[in-house]
Amino acid sequence: MTFFATLFVSCVLVTSSLLAAQQAKPAPAPPPQPPPRLNTPEVHSDNSVTFRFRAPNAQEVKIAREGTEPVAMQKDDQGVWTVNTPPLSPDYYGYSIIVDGVRSLDPNNSGLVPNLISPGNFVHVAGPPSLPWELNDVPHGEVHHHFYRSAIADDQRDFYVYTPPGYDPTGKTTYPVLYLLHGYSDDASGWTAVGRANVILDNLIAQGKAKPMIVVMPLGYGTMEIITLGWGAWSHTDVRDKNFSNFRQALLTEVMPKVESEYRVTKDRDSRAIAGLSMGGSESLLTGLNNLDKFAWVGAFSSGGMPDAFEKDFPGLDAAANQQLRLLWIACGTEDRLITVNRNLREWLKTKGVQHTDIETPGMHTWMVWRRNLAEFAGLLFR
């Protein structure tokens, strides 16, 4: 047998052996299938909600729902933890899952609450169309997202602008403008992503309960250092003061000129309002009341972060401000831990003869309070 014939026979034998070995080898096992997706959060016909979370190896799981203390969940033999709520009033409720002390997102819920410190999820307990935050078949405005570099904060930042239904950038109609500020730990999307400000304005405008207006929602930090310090940031008075001061400068000298050059806004003070929640409430007061030549309408929802040194914060504020203020509206929930400082502020304003509207409603430091605040406040503007 020649060399090449011998080589050919050897290759055939090797190939046959390999084929036989492959045929004898068992097929690989299929990859493990992921567990079925949990139905959570499940809203029932009576508006109660069932939350479920799969964590077979966890020792303790709790749900932290906005406006309540964390509640323990119960584990079944499949490693799924469950808890049922009592019937809830129609609204959007933020929540997080706490697994062995660590705050976690719910992987089975695509409804997200953006937050720079404690992101979470939300559950929607639907209500009647009369609720201002419910999406209705009405004309809708648009939300525009802008980016710019801030020389004051020395960083890249953003702001959102709501334009009402029928807004025409090439038209002659101009609109009053509300500068609407978020709270500590939120980002610039807070009022649209969580507060549903655009939906609220759509509904109010369609019902004739609010004037068509432009709403500007800027990033509310004068320095991002206040975020890097976390929840203890407010004990750093130097950082707090820098945050408030720089924010005011950024709003007045960077955001406002951009808005007024790019949108059809009415540029007189009677057509300009400022309002916000928590940190944004304090920023609204500090900016608006110290710049009455620019703002005639000022609103504060559950103001926080501002000390009791009101004489220092509002130098020169007295009864003369009543000639310039069309509305000073100060609101807070009665169960809010910030109710005391808000009451103190209102009492101080009385000693100065400054007219204002006091609003106290049931509720804690939650978006459920602030959505209602916005719906009421927006209806009073530019009348």
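The values are calculated or read from the model by the stated rules, or taken from the named source; none is laboratory data. The shown structure was predicted, so the numbers you read here are calculated from the model rather than taken from an experiment. Every residue, glycine as well, gets a Cβ built from its backbone with ideal geometry; the counts of neighbours run over all protein chains shown. Just the protein is used for accessible areas: all its heavy atoms, side chains included, with ligands, DNA and RNA removed. Shrake-Rupley method; radii C 1.70, N 1.55, O 1.52, S 1.80 Å.
Is it true that Ser89 is in contact with a Gly (Cβ under 9 Å, 6 or more places away or on another chain) and open to solvent by 30 Å² or more (accessible area, probe 1.4 Å)? Quick ask: steps written out before the conclusion?
Values: in contact with a Gly (Cβ under 9 Å, 6 or more places away or on another chain): yes; open to solvent by 30 Å² or more (accessible area, probe 1.4 Å): yes.
Yes.
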Note: among Asn121, Asn47, Asn115, just one is polar (S, T, N, Q), at positive phi, touching a Ser or Thr at 6+ places or on another chain (Cβ under 8 Å) and surrounded by 15 or more Cβ atoms within 10 Å (Cβ to Cβ), namely Asn47
Within segment 159-175, the count of residues that are open to solvent by 10 Å² or more (accessible area, probe 1.4 Å) and either touching an Asp or Glu at 6+ places or on another chain (Cβ under 8 Å) or more than 24 Å from Leu286 (Cα to Cα) (or both) comes to 11
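Can you report the number of residues in segment 282-328 which are among the aromatic types (Phe, Trp, Tyr) and surrounded by fewer than 22 Cβ atoms within 10 Å (Cβ to Cβ)?
The total comes to 2.
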Log entry, pairs with first residue in segment 96-113 being over 12 Å from Lys62 (Cα atoms), second being open to solvent by 90 Å² or more (accessible area, probe 1.4 Å) and in a loop (DSSP other than H, G, I, E, B), beta carbons closer than 6 Å, six or more apart or on different chains, reads Asn108/Arg37
Of those in segment 216-236 that are in contact (Cβ under 8 Å) with a residue 40 or more places away in the chain and open to solvent by 20 Å² or more (accessible area, probe 1.4 Å), the residue farthest from the chain's Cα centre (by Cα) is Trp234
Flagged pairs (Cβ under 7 angstrom, 6 or more apart or on separate chains; first in segment 299-314, under 21 Å from Ala273 (Cα atoms); second hydrophobic (A, V, I, L, M, F, W, C) and in a loop (DSSP other than H, G, I, E, B)) are Ser302/Leu338; Ser303/Leu338; Gly304/Leu338; Asp313/Met306; Phe314/Leu289
